[in-house]
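Laboratory data are not the source of any read-out in this text; all were calculated from the coordinates shown. Just so it is clear, the structure is predicted and the values come from calculations on it, not from any experiment. Don't worry about glycine lacking a Cβ; one is built from the backbone with ideal geometry, like all the others, and counts go over all protein chains shown.
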Amino acid sequence: MPPADLYVLTGAPGSGKTAILDNVGPDIRRVAEPAREILEEQRSVGGAGTPDRDPSLFVDLLLQRSIDIHEAAKRWEGSVLFDRGVPDCIAYATLVGTDPTPSVLASEVYRYHTEVLVLEPWEEIYVGVMKRGRCRSPKPWNSRRRSRMRTNGPAMTSSRCPESR
């Protein structure tokens, strides 16, 4: 049974996940998006664990970081809100063209609350995401591929940048 107090906030780039996390009350512990951390770390040391250099290594690092954070959060008191979770590694693996099987298997073990908050793209704030180098399409929200991801609750959806198809 998934922990009742571990929640996932997920959605397309530019949907406002970080803005929401930045404004959540002090009684909810927040977990930053691990992909951002991995990218910053790898770029700062000239590492290969980025989607453009070694996609498989990037997804491996991301999955391990997501698992480590999940394990730590199970010991915290109170509610925890994650900016993406272990199941998002399935989407990352699919997006960069690597085998999603390890992420699928991990998603069956590292569970969250059955309700997942999924955000749609938000055009007014998307320019900031484009500046971070995530998606270079001028209007990615106009033409997106939607895919369904299995969770232990209702199905959730994810969006991809058009040029990454």
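Quick notes
- Computed extension gain for residue 40 through residue 24, at 0.36 nm per residue and net of the alpha carbon distance, reaches 3.4 nm.
- Charge tally in the Cβ shell below 14 Å around residue 48, where Lys, Arg are +1 and Asp, Glu are -1, residue 48 excluded: -2
- The length gained on full extension between residue 119 and residue 105, counted as 0.36 nm times the residue separation minus their Cα-Cα distance, comes to 2.6 nm.
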